[in-house]
Amino acid sequence: MSVIDVREAITQAHHEEWARVVAALARRFGDLDVAEEAAADAFATAVERWPADGVPPNPGAWLTMTANRKAIDRIRRENKREDKQKEAQMSYDDPPEPLGPIDDDRLRLIFICCHPALAMETRLALTLRMVGGLTMSEIARAFLVQESAMGQRITRAKAKIKRARIPYRVPSAEDLPGRVSGVLAVLFLVFNEGYLATGPDTDPVRHDLTVEAIRLTRLIRALMPQDGEVAGLLALMLLTEARRTARVSPSGELVALDEQDRGAWDAALIAEGHRLVRERLAAGEAPGRYQILAAINAVHTSARDVRDTDWSQVLALYDQLVRLDPSPIVALNRAVAVAEIDGPQVALALVDRLADDLTGYHAYHATRADLLRRLGCSRKARAAYDRAVELAGNTAETAYLTRRRDQLGQPRGT
């Protein structure tokens with residue numbers, strides 16, 4: 001196996017095994033710092049040894065065993081000074097039986113990372129690090145902060161979890177309803193990071209993150225099968241993931257929804273997503289945010305051709321959503337549907353009202369650019385594309401926006 005093949009194997013193992021290794025160590029040793037440091041040491045050891053020794057038949061098992069040994073070495077060093085009771089955790093016996101209704105260490109880990117004692121941004125950052133395996137620089141870019149500041153935020157969060165002795169388990173059935181909304185919010189953001197990665201130096205689509213977010217959402221649905229928002233989020237993820245292979249061209253450019261090859265969409269994921277949406281409609285309950293977003297995606301994925309899209313239904317759903325979530329981003333997305341029904345001039349007026357709230361958001365400028373383009377305002381459209389390219393971090397999206405801008409030709413008109 002060549003050096004390049006080994007490097008690719010290590011990268012794949014990091015994507016597939018990081019969360020599993022960290023979660024297993026967190027459960028065994030009850031310390032996120034120990035778990036993260038030992039997992040990182042195990043991967044560093046793989047970088048050193050696998051080129052010479054070869055990739056092991058079971059990379060996950062090798063990494064977990066190596067990480068366990070690294071953790072035990074660290075605890076032994078620390079036990080020379082303090083915390084003698086951790087010696088009991090240092091045997092290689094099987095860990096105790098799991099607590100909670102589902103035996104999944106990663107689900108337990110995300111409930112720790114999403115504990116209500118932590119601020120929402122901190123929950124997301126911690127989840128991206130501990131469950132998603134993103135680097136500190138990638139997380140810092142996603143939050144538009146310095147890497148050192150993000151590192152301090154995550155360190156403080158782990159210290160708070162340790163001080164508060166937050167249990168490493170899925171909450172009891174009585175506590176679940178009060179805890180699940182925060183977890184869903186974080187899983188949605190993790191999925192979005194995979195769906196359109198923010199870092200310029202990473203893959204434009206992080207399939208490992210979208211798959212893990214879907215897997216964890218399925219587990220939560222098994223815990224709470226009657227919860228409409230859990231079902232809605234799962235449907236939303238499935239209908240979005242179904243389009244993944246059509247979203248990036250062979251040249252690495254983002255493919256917009258209206259240009260995608262709909263024959264390449266995953267029919268099984270779409271069917272499952274549509275079934276969940278229908279089940280929620282049949283329940284007769286007032287839908288929440290995720291259920292409405294899933295319904296919007298169901299409308300899009302029901303159209304065999306973009307010209308068949310029922311934009312009036314999309315707009316009606318956005319009208320419903322904006323009453324629940326009157327955020328500027330929802331208003332921006334609603335304006336896209338308005339453009340299809342009432343025309344780009346009406347939509348542009350709505351978008352321009354959002355300038356103060358979204359001036360630093362690349363999609364705001366990309367939306368304005370598209371509307372200005374449709375109105376024949378090439379010079380203004382080019383300026384809006386320039387700003388969108390400047391703000392976009394995703395390489396595929398940058399390539400798409402650059403091409404759209406360059407199609408305008410030389411600046412002319414208004």
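Could you put GLU390, GLU37 in order of accessible surface area, largest first, with the 1.4 Å probe and the full protein assembly present?
GLU390, GLU37
DSSP loop (so not H, G, I, E, B), at most 16 other Cβ within 10 Å: list which trypsin sites (Lys or Arg not before Pro) in the stretch 277-342 pass both filters.
ARG304
I want to check a number: in the chain, how many lysine pairs have alpha carbons closer than 28 Å, given a sequence separation of 8 or more or different chains?
Counting lysine pairs in the chain gives 15.
Using just the C-alpha positions of the chain as equal point scatterers, what log10 of I(q)/I(0) does the Debye formula give at each q in 0.08, 0.09, 0.12 1/Å?
Each listed q corresponds, in turn, to -0.50, -0.63, -1.06.
For the chain, what is the calculated [θ] at 222 nm in deg cm²/dmol (nearest 500), taking -39500 (n - 2.57) for each run of four or more DSSP H residues and dividing by its residue count?
Calculated from helices alone, the mean residue ellipticity at 222 nm is -22000 deg cm²/dmol.
Which one, LEU216, LEU401, LEU391, has the greatest fluctuation when you compute a Gaussian network model over the chain with C-alpha springs under 10 angstrom?
LEU391
As I understand it, the dipole of the chain uses +1 on the Cβ of Lys and Arg and -1 on the Cβ of Asp and Glu, about the Cα centre. Which of LEU233, VAL34, LEU223 lies farthest toward its positive end?
Of LEU233, VAL34, LEU223, it is VAL34.
How much length is gained on full extension from MET120 to THR11, taking 0.36 nm per residue of separation minus their Cα-Cα distance?
Taking MET120 through THR11 to full extension adds about 36.3 nm, to one decimal.
So between VAL3 and SER312, what do we pick up on full extension, going 0.36 nm a residue minus the alpha carbon distance?
Result: 105.8 nm gained on full extension.
Return the distance in nm (one decimal) between the two label points of a simple spin-label model at ALA159 and ARG77, each offset 7 Å from Cα along Cα→Cβ.
Going by the 7 Å Cα→Cβ label model, 2.0 nm.
At 7 Å along the Cα-to-beta-carbon direction for both ALA264 and ALA283, put a label point, then send me their distance in nm to one decimal.
About 3.4 nm separates the two model spin labels.
How large are Rg and Dmax for the stretch 308-409 when only the alpha carbon atoms are used, in Å?
So, for the stretch 308-409, Rg and Dmax equal 13.6, 42 Å respectively.
Please label the shape of the stretch 238-342 as rounded, prolate or oblate, based on the square roots a ≥ b ≥ c of the eigenvalues of the alpha-carbon gyration tensor (a/c under 1.5 means rounded; beyond that, a/b larger than b/c means prolate, else oblate). Write out the running numbers ahead of the final one.
On the way: a/c = 1.87, a/b = 1.28, b/c = 1.47.
Taking the square roots of the gyration eigenvalues as a ≥ b ≥ c, the stretch 238-342 is oblate.
At 1.4 Å probe size, with no ligands or nucleic acids counted, give the accessible surface of GLU285 in Å², nearest ten.
Using a 1.4 Å probe on the heavy atoms, I get roughly 110 Å².
Please say if the stretch 150-307 is rounded, prolate or oblate, where rounded means a/c under 1.5 for a ≥ b ≥ c the square roots of the C-alpha gyration tensor eigenvalues, and otherwise the choice is prolate for a/b larger than b/c and oblate otherwise?
oblate
With a Förster radius of 25 Å, plug the Cβ-Cβ distance of ALA303 and SER327 into 1/(1 + (r/R0)^6) and report the FRET value to the nearest 0.05.
Efficiency, rounded to the nearest 0.05: 0.45.
Which angle between 0 and 90 degrees, to the nearest 10, do you get for helix 395-406 versus the longest principal axis of the chain when only C-alpha atoms count?
20 degrees
Just grab the label-to-label distance for SER137 and GLU174, each label 7 Å out from Cα along the Cβ direction, in nm (one decimal).
The answer from the label model is 4.9 nm.
The values are calculated or read from the model by the stated rules, or taken from the named source; none is laboratory data. Remember, predicted model here, so these are calculated numbers, not experimental data. Counting neighbours? That spans all protein chains shown, and the Cβs are built from the backbone with ideal geometry, glycine included. Heads up: the accessible areas ignore ligands, DNA and RNA and are worked out on the full protein's heavy atoms, side chains in. Shrake-Rupley method; radii C 1.70, N 1.55, O 1.52, S 1.80 Å.
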